[in-house]
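Reviewing the structure listed below.
Each value in this text was obtained by applying a stated rule to the coordinates, not by laboratory testing. Source: prediction; values computed, not measured. When we count neighbours, we look across all protein chains shown, and the Cβ atoms used for this are built from the backbone with ideal geometry, even at glycine.
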Amino acid sequence: MAMTFGIYPGGLLGDERGIVHPVSPDAPDRINEALDELQGDAATLSVRAYRSFAATVTPYGPTPADPHAYLRRGRTLDLVLQFREPSGVLDGWPEFVREAVRGGGPGLASVQICEEPNLDLPPVDGSVPNVLEALVRGVVAAKEEARSLGRRVAVGFNAVPSFDPADTFWSDLGALGGPRFRQSLDYVGLDFFPDVFRPVAAGRLADAVTAVLTSYRSTSLPEAGIPATVPIRICENGWPTGPGRDERRQAAVLDTVIRTTASLAAELNIDGYSLFALRDADSGAEGLFPHFGLLRDDYTPKAAFAAYRDLIGALGAPASAPR
C-alpha cells in the first residue's frame, strides 16, 4: 500500500510558550530545491501550510507565506486552518473556512480544521474556548464548500495521543458531532512525537509506535463514533537534533517510525504521513523545538534528509502510478 508523503517547509513554529520565529527568512528557491530532491520520482509531495482565524485580535500570519510557490511537479497543498479567536465566539469562522477552500485553488488537496484541539498549550487550538464547536462547524463548512465547487478536497482534523483515562475529548466530540459531521470527514489526523517528550529505548520504538497507532484506531476514534473506513493520516511527526541529540539518531528514529507506520497502513487504514519540518528554525538555539528540521537553518542537510528522501522513494507512489 503506497502512502502519500508530505512536509512542512516553513521556518516559523510554536513551542510550549508561543511562537518561535526562524533565525532567517524562508528562502523559496532553496526550499523548492530541497522539495524537488525529497520528492524524487514520487507522484506527489504534500506541502503543509497554516492559516489562523481570529476576529478580535491579530492572528498568526500564514506560514509559509506563499505555499503555492512550492506546488510544482505535482505537489499539492495540505492547508491547516487554526481557530485562534480567544473569546471562542464563532462569528466569521465558517466564512473564513469557506474562503480558504475557495482560495486554495486546484492545488488544494486537503484541509485540516483546527490544530491539535485536544491539547491545551498556547500555540495550538486546544487552549481556545469553544474549540470543539469550531471543529465540528469548520469540518462541515469545508466539505460543503468543496462539494459546491466540484473539487476533491479531503477534509479532516487532527489530535494528539491522550494517555489520560479521564480525558473526555473523544466522547465529547462524538456527542457534539452527529451524522453530518462524521459524513463530512475524509480523514482524522494524528500528531505524535515518539522519543521526543517521553524517551523511548531504541529497541522499543517500533512497539511504541504500533501501540499508539493501534490505540488511536481501536479506542480513540470509536469513542467519537468515527468508523474504521475513515483513514488515519500522520499530520506531524519528527525528532529534533541539538545538544545531546545526535543527527544520525534523528535519521534512525524517522526510519523506524515511518517504516513501522507503513507496515500498519493496510491494517489500520493509514493513508499518509507528513514530517515536521524541512529546516530548523534556529540551529544554534537552546531547547527542542527549533531543531526539528531535516536541514539546518542554513539549508545544509542533516543525515535525516537523505533518509526521508529514500523512504519516500521506497514507500511512496511513483509518478507513473495512477493517482
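Observations, loosely collected:
- Scaled against the 2.2 N^0.38 Å expected of a compact globular protein of N residues, the Cα radius of gyration of the chain reads 0.93.
- Of all beta bridges that DSSP places with both ends in region 4-315, some 10 percent have antiparallel geometry.
- Centroid-to-centroid separation of region 244-323 and region 188-204 [C-alpha atoms, Å]: 13
- With helices as the sole contributors, the chain gives -10000 deg cm²/dmol at 222 nm; each DSSP H run of n ≥ 4 counts as -39500 (n - 2.57), and the sum is divided by every residue.
- Sorted on the mean count of surrounding Cβ atoms within 10 Å across their residues, most packed first, peptides 62-68, 165-171, 283-289 read 62-68, 283-289, 165-171.
- Inverse mean reciprocal Cα-Cα distance (Kirkwood Rh) of region 135-222, Å: 14.9
- Taking the Cα centre of the chain as origin and assigning +1 to Lys and Arg Cβ atoms and -1 to Asp and Glu Cβ atoms, the resulting dipole is close to 880 debye.
- Its Kirkwood hydrodynamic radius, worked out from the mean inverse distance over all distinct Cα pairs, puts region 226-308 at 13.5 Å.
- Of GLY103, LEU288, ALA307, farthest towards positive along the dipole that unit charges on Lys, Arg, Asp, Glu beta carbons give region 4-315: GLY103
- Taking each residue as 0.36 nm, the span from ALA166 to THR229 lengthens on full extension beyond its C-alpha to C-alpha distance by 20.0 nm.
- Cα gyration tensor shape for region 1-122, rounded if a/c is under 1.5, else prolate or oblate: prolate
- Alpha-carbon centroid distance for the pair region 90-116 / region 27-87, whole angstrom: 13
- For peptides 15-24, 85-94, 252-261, sequence by mean Cβ density within 10 Å, most packed first: 252-261, 85-94, 15-24
- A simple packing score, the average count of other Cβ atoms within 10 Å per residue, orders the peptides 292-299, 271-278 as 271-278, 292-299, with the highest score first.
- Region 80-129: Cα Rg divided by the 2.2 N^0.38 Å rule of thumb: 1.22
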